[in-house]
Amino acid sequence: MIIMSTISHHQQQVKRTHSDHHDDHYYHQQQHQLTLSTINCPTKNIRQIKNSCEEEEKLFNHQRCKRFSCDWPLNHRKKIKRTSEKRASQLDDNDDEHFQSHQYHCFVFLKFYSSTLKCSIDVLVKSNDQLPTDLSDDQQSLLIGKSRISRSIKPGVIRIRLVSSLFKADADVHEDPSLIKLETIRNSKQSNHFDKQFALLFTNDRFGPGVIGKLFIESLDPQTGSYTNNPPIFELNLTLASEQKILLTSFDQKINSDSICVSSLSCGCVLSSDSSRLTISDKCNLKFNNTKLMHRLAEPLRCQWKSIGRELFPCFNETDLTDFHQSYFITEGNQECMYQLLREWFNREPEQANIRYLLTRLKLPIELIVTIHNDVVIPYVLS
């Protein structure tokens, strides 16, 4: 039996070898014929013959490997399959280890300014291996949020979103009102740290202590195109340890929770959020008959030009505002619209167009009234 099995195995090997030699001979013969036909054919057909040769070679190699794999024993084919699956599993594990190696922390800083309601929030996301010893190089910035546990961020699009009723987007610098920014994390060996900054306006001159807002960092689900299907990567409470106050003027002030009253002003004006107490002295009651004054007023009032125009009805109507928009807004922007509105206001109502009417009769925010009085009217009077 052993002798017969050996002979049968030897015959299979001889048959396989003979078949290999026959296939090689046939392949080389076809290549030789193809070469001769290429030499004798026109030049424009050489590319077609070359493509045909490559397709025939691929088909030949595929059939040859398929026949050999069928001749292999069953246990040998199972072993090759297990090896391939094991290798694929190792590659997946290496990818997971690569993603896990990039762990990130999130830090949020707040910087506000003592003379205005403006502030800046800086969101910093850095990997563990790149964390500096001192995260904030600005001594005036306050750390208001920090992640305690590092998180991995896989490649894709992520969204950084601020939520709070205590601050809003600063329209003067064209900050997005949604308070949302996007960042793309690329698939690379190096970490993808990033920094996003928000320009904001506080809605009150006092805030804290406690939570003043929340920050969400979310990943985009590529299958649904939504950020809400997955839990957020980071969800941080933005907190202040103590109460913060913003002084809106450089003059002596008395500030309470109901109103902002500025007293002891050398010019004789009284600035208050209570319109019945808001007064403008004759010294500061400037008329809009000076181009320099109107240019200075147009800068802080540029985002209010439409609402001011509507409150000046019947001096201006919607048709007038549409004309201003088409004539000046498209080409030169909000500030030019405000300047032309003040100029036309004085031409139509010269006795009404003055600082007293602007600050006391129109519904302007108190912080804007204080800014106009201190940064525009007082310097103009002193000059």
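Descriptive notes on the structure:
- Residue satisfying condition, being more than 28 Å from HIS102 (Cβ to Cβ) and aromatic (Phe, Trp, Tyr), within set PHE216, PHE202, PHE234: PHE202
- Count of the range 336-383 residues, restricted to those that are modelled with pLDDT under 90 and under 15 Å from TRP305 (Cβ atoms), is 5.
- Test result for PRO177, at pLDDT below 90, in contact with a helix residue (DSSP H, G or I) (Cβ under 8 Å, 6 or more places away or on another chain) and outside any strand (DSSP E or B): yes
- Yes/no for ASP134 being outside any helix (DSSP H, G or I), touching a Lys or Arg at 6+ places or on another chain (Cβ under 9 Å), at pLDDT below 90 and over 15 Å from LEU236 (Cα atoms): no
- Every pair of residues 6+ apart whose Cβ atoms lie under 8 Å, when the first sits in the range 74-87 and is assigned to a helix (DSSP H, G or I) while the second is exposed (fewer than 10 other Cβ atoms within 10 Å of the Cβ): none
- Scanning the range 225-244 for residues that are in a loop (DSSP other than H, G, I, E, B) and within 20 Å of the chain's Cα centre (by Cα) yields GLY225, TYR227, THR228, ASN229, ASN230, PRO231, PRO232, ILE233.
- From the options GLU332, GLU318, GLU351, GLU336, residue that is more than 22 Å from SER383 (Cα to Cα) and in contact (Cβ under 8 Å) with a residue 24 or more places away in the chain: GLU336
- The residue of the range 180-208 that is nearest to SER242 (Cα to Cα), among those that are assigned to a strand (DSSP E or B) and of a type in the set (Lys, Arg), is ARG206.
Yes/no matrix, rows are residues, columns are (1) surrounded by 14 or more Cβ atoms within 10 Å (Cβ to Cβ); (2) touching a Pro at 6+ places or on another chain (Cβ under 7 Å); (3) farther than 15 Å from ASP122 by Cα; (4) hydroxyl-bearing (Ser, Thr, Tyr):
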residue	(1), (2), (3), (4)
LYS189	no, no, yes, no
ASN192	yes, no, yes, no
LEU201	yes, no, no, no
ASP205	yes, no, yes, no
GLY210	no, no, yes, no
PRO222	no, no, yes, no
TYR227	yes, no, yes, yes
PRO232	yes, no, yes, no
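- Some residue of the range 143-158 being part of a loop (DSSP other than H, G, I, E, B), in contact with a Cys (Cβ under 8 Å, 6 or more places away or on another chain) and of a type outside the set (Val, Ile, Thr): yes
- Residue in the range 307-322 that is under 34 Å from the mean Cα position of the chain (by Cα) and closer than 21 Å to LYS287 by Cβ present: yes
The values are calculated or read from the model by the stated rules, or taken from the named source; none is laboratory data. Note that this is a predicted model, so its numbers are computed, not measured. Positions of Cβ are backbone-derived with ideal geometry, glycine not excepted, and every protein chain shown enters the neighbour counts.
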